[in-house]
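Let me begin by presenting the structure, written as structure tokens, before commenting on it.
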Amino acid sequence: MNKILVPCDFSPLAMGAVKMANEFATKSGSELHIINVVDVPVMHDSVLMPTLSFEQETINELKDNATKQFSELRSQLGSVRAVMDVLYGSPSVMISEYIKEKSVDLVVMGTQGASGLKEMFIGSTAEKIVRNATCPVITVRKEVSPGSVKHIVFPNSLEPGQEYLITRLKQLQQLLQATIHIVWINTPANFSPDHVTLPKLKEFALRYMLTNFTLNVFNDLEEKSGVINFARHKEADMIAMGTHGRKGIGHLLVGSIAEDVVNHVEIPIWTTHMDAH
């Protein structure tokens, strides 16, 4: 792991993500990238050329304020190599582009989640990053030290083609020295008896040469509530999930369990796409 990114608006939630990312960077020897994205409204003039609705003076003021806070923040990062920058545009778009351009290996970001109609039609910025990021993303709702993460719940449907996901998960496990709790969520719509499921879970763990893990079956009415309730049952410190990153009408109709969980739990959520990009 070479580069860790933290989107930062200097709120308490974002500063908690910075602290977590800084600990990860210290442990892994990674370079820490901290960016502040100014969401600048845009309008179109008569020739359809984008015109900033903010005056340049206001933009300069926002940049000066961010630069000042970056300067104060740098003194709190210890010996970690840090790159800090101010970007302008839609936060989800700018963050996703930055991840690709800089070949970021991990994103750590704060989220307040989303609910109701906002979740259905807009979603949170973190949800959009989870969907589009080309690397693992850790979303946090409150400040957590990586050193305290010792139990990671890993819900899995045992589908094939998880090499990329498992490789990334094993890297995370090694960095944290944590136990992985692999769980199959049994629902009325997707039920499998234990005598069938447990051997499949065991074969899955052997195939991917997992270590320091437990195998579990948990019953619930739906997958999302099953993941959340099992994590509470295990007193987990983190949930790790693969996502297919569905977009467009497919996302609206089917959704993503990982994105739903990101919006509704308090402990950190680690997500990455099922396959390499």
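The values are calculated or read from the model by the stated rules, or taken from the named source; none is laboratory data. Just so we're clear, the structure is a prediction, and the values are computed from it rather than from any experiment. Glycine also receives a Cβ, built like all others from the backbone with ideal geometry; neighbour counts cover every protein chain displayed.
Could you tell me whether any residue of the range 161-176 is assigned to a strand (DSSP E or B), among the hydroxyl-bearing types (Ser, Thr, Tyr) and touching a Ser or Thr at 6+ places or on another chain (Cβ under 9 Å)? Lay out the reasoning, then the answer.
First pass over the range 161-176, keeping only residues assigned to a strand (DSSP E or B): none.
The answer is no; no qualifying residue exists.
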Between a first residue in the range 209-232 that is assigned by TED's automatic domain parsing to the domain that holds Asn156 and in contact (Cβ under 8 Å) with a residue 40 or more places away in the chain and a second residue that is assigned to a loop (DSSP other than H, G, I, E, B) and not β-branched (Val, Ile, Thr), which pairs have beta carbons less than 7 Å apart while being 6 or more apart in sequence or on different chains?
Gly226/Asp220
Please state which of the following conditions Leu117 fails to meet, knowing it meets all the rest: (1) more than 13 Å from Trp270 (Cβ to Cβ); (2) at pLDDT below 85; (3) surrounded by 14 or more Cβ atoms within 10 Å (Cβ to Cβ).
(3)
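Check whether at least one residue in the range 76-84 is on the phi > 0 side of the Ramachandran plot and either under 19 Å from the mean Cα position of the chain (by Cα) or among the aromatic types (Phe, Trp, Tyr) (or both), and report yes or no. Talk me through it step by step, then tell me what you get.
Taking the range 76-84 first, the residues on the phi > 0 side of the Ramachandran plot are 78.
Keeping just the survivors that are either under 19 Å from the mean Cα position of the chain (by Cα) or among the aromatic types (Phe, Trp, Tyr) (or both) gives none.
Checking the range 76-84: not a single residue is on the phi > 0 side of the Ramachandran plot and either under 19 Å from the mean Cα position of the chain (by Cα) or among the aromatic types (Phe, Trp, Tyr) (or both).
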Considering only residues that are loosely packed, with under 15 Cβ neighbours inside 10 Å and either assigned to a loop (DSSP other than H, G, I, E, B) or at pLDDT below 85 (or both), which ones fall in the range 144-160?
Ser145, Lys150, Ser157, Leu158, Glu159, Pro160
Find the residue count for the range 178-199, including only residues that are surrounded by 14 or more Cβ atoms within 10 Å (Cβ to Cβ) and either part of a helix (DSSP H, G or I) or hydroxyl-bearing (Ser, Thr, Tyr) (or both).
5
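For the range 95-113, enumerate the residues that are in contact with a strand residue (DSSP E or B) (Cβ under 7 Å, 6 or more places away or on another chain), on the phi < 0 side of the Ramachandran plot and surrounded by fewer than 17 Cβ atoms within 10 Å (Cβ to Cβ). Step through it out loud before you land on a result.
In the first step, residues of the range 95-113 are kept if they are in contact with a strand residue (DSSP E or B) (Cβ under 7 Å, 6 or more places away or on another chain); the result is 95, 98-99, 102-111.
Subset that is on the phi < 0 side of the Ramachandran plot: 95, 98-99, 102, 104-111.
Listed by number, the list holds a single entry, Lys102.
Yes/no matrix, rows are residues, columns are (1) within 18 Å of Thr187 (Cβ to Cβ); (2) over 13 Å from the mean Cα position of the chain (by Cα); (3) at pLDDT below 70; (4) part of a helix (DSSP H, G or I):
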{"residue": "Asn229", "(1), (2), (3), (4)": "yes, yes, no, yes"}
{"residue": "Arg232", "(1), (2), (3), (4)": "yes, yes, no, yes"}
{"residue": "Arg246", "(1), (2), (3), (4)": "no, yes, yes, no"}
{"residue": "Ile249", "(1), (2), (3), (4)": "no, yes, yes, yes"}
{"residue": "Leu252", "(1), (2), (3), (4)": "no, yes, yes, yes"}
{"residue": "Ala258", "(1), (2), (3), (4)": "yes, no, yes, yes"}
Answer yes if at least one residue in the range 260-269 is under 17 Å from Asn156 (Cβ atoms) and at pLDDT 85 or above, and no otherwise.
yes
